[in-house]
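See structure below.
The values are calculated or read from the model by the stated rules, or taken from the named source; none is laboratory data. Computed from a prediction, not measured in an experiment: that's the story for all the values here. Virtual Cβ from ideal backbone geometry, glycine too; neighbours counted across all protein chains shown. Each accessible area value is taken on the protein alone, full model and side chains, heavy atoms only, with ligands, DNA and RNA left out. Shrake-Rupley method; radii C 1.70, N 1.55, O 1.52, S 1.80 Å.
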Amino acid sequence: MLTLRRARASLNALRRGNATVAADAAPAISTSPPPPAPSSDSSSQSAAPPAPGAAEGKGRTKGRNRPLQTRRAFITLDRPREWNRPLAPGVLPAYDEALRLIRRDAAEIQREAGELERELSEKEVGEGERRAMEEKLGVLRVQGEVNLPEVRWRARNGMGEWFPLLFFSLSDLQQPVYRHLVEQRWRGEGALDLLMERIHQMHVVPDVLPDLHPSFDVRVTFPDLPSEDKTKKSKVKHHAVEPGVFLSPKQTRRPPRIYTTVFHTDPRYYTMILVDADYPDAENRTFKTYLHWMQPNVQLSASSTGPFTFRDSHTPYIPPHPQKGSPYHRYVLLLLPHPNPTETLNIPAPTVQERADFDSRAFMERYGFDASRGGAAHMWREVWDEEVSRIYAQVLKADEPRYGHISYKDAKETLYKEAKPKNKYAGYGDKYVGQGDRRRMPL
């Protein structure tokens, strides 16, 4: 009995110190049942040579045998997002039948459009009849694809909210169905309504121009405000500007990036202007319009999306500089269609005084611009801050004006500055030269 206890004690010590040694040192006291006797089939199988690679894989851990998680490829113009069927065939028979019905209807309309296109190319018809047939052909081309789920998904998800062509091929907007869906989304889902609400609510119409009916979408981006922590170097990011929001003069120090979504395929000419609708007119105690930027003869079509910066512009960009003491300023960007969309206009560059006295209504009447026939518009607002003083000193190289009510504190500081430079001891010889600046003059 004593011998058995000593044997168990030595075995427990080995197990606590090294489990592998304990397992190898005590094969006789294993409690597992003996293995079954091998049969003839099993003996023949065990004698077979091991499979290739089995010896290498035996010593590997579980994690190394797992496949590596591959990263999803970035979405670019070369690799756009694609539509995937949400349900496998046979899961929902009603969905399968609806898809078959949609595709059958699309095929019939496309066949009708093909017959009409052949008739147009082979048959000689009058000008009025040809125009009507071309209009019908355009409608059939849209109806033949507008209900296909992959087309609608691509028009919805292949484009961003503010940048419809970010992940969308430029060749797609050459197709009538995609132009129709993009325009329908712009007109019906709030983007155009928000723009027109801000334009009329903030009296851009009629203060700047008599009427406005945009025919395509224009968006502008400005950089974010720089970080207050100057030790951190962050990449400058541009973000889209919602119509009517407030921006800082620091953000608008450089020209904006302009993006467009145009719905006509033929190239047409436009003139771009950026005006301040609230520039103070101190002599007449009212406000006037200031021209900040102008670029005539901008050619746009469905394939021209931007960004446009116009660095070598016709009239150079001057940063917005809302004057101190004035209310917020409305900055309006307009793309005005030319009277003849295929011809350029000869517009001379304005002088400094002509920019300060710019009359947008007279300018439009002189060159035949009519914003009620189309074009595009955007706007934002700004108020004074310290950056305006730097713009006056570095860009305009002029004294900064002040408007509005002057407080008692500002008036006292102004009187003190005017009185301080006077030399109390002027005329008493060189002994007291310069000592008058050390004393305050009594008011």
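Among the residues of the stretch 236-281, how many are free of Cβ contacts under 8 Å to residues at least 12 places away in the same chain and over 26 Å from residue 389 (Cα atoms)?
So the count comes out to 0.
Only one residue in 264, 213, 200, 239 is in the same structural domain as residue 324 (by the TED database) and assigned to a strand (DSSP E or B). Which one?
Residue meeting the stated conditions: 239.
Considering only the stretch 347-413, give the helices (runs of 4 or more DSSP H) lying wholly within it that have at least 1 residues that are over 17 Å from residue 249 (Cα atoms) and either aliphatic (A, V, I, L, M) or outside the structural domain of residue 194 (by the TED database) (or both).
Here the list reads 352-356, 360-367.
For residue 290, are the conditions met, namely being part of a strand (DSSP E or B), assigned by the TED database to the domain that holds residue 373, surrounded by fewer than 20 Cβ atoms within 10 Å (Cβ to Cβ) and modelled with pLDDT of 95 or more?
No; evaluated as a whole, the condition is false for this residue.
Are there any pairs, at least 6 apart or on different chains, whose C-beta atoms fall under 7 Å, with the first in the stretch 304-316 and in the same structural domain as residue 356 (by the TED database) and the second part of a loop (DSSP other than H, G, I, E, B) and exposed (fewer than 14 other Cβ atoms within 10 Å of the Cβ), and if so, which?
Taking only residues 6 or more apart or on different chains, the pairs are 314/349; 315/349.
Are any residues in the stretch 363-376 crowded, with 20+ Cβ neighbours inside 10 Å and under 10 Å from residue 213 (Cβ atoms), and if so, which ones?
Of everything in the stretch 363-376, those that are crowded, with 20+ Cβ neighbours inside 10 Å and under 10 Å from residue 213 (Cβ atoms) turn out to be 371, 375.
In the stretch 312-346, which residues are open to solvent by 20 Å² or more (accessible area, probe 1.4 Å), under 30 Å from residue 265 (Cβ atoms) and not in a loop (DSSP other than H, G, I, E, B)?
Residues satisfying the conditions do not exist here.
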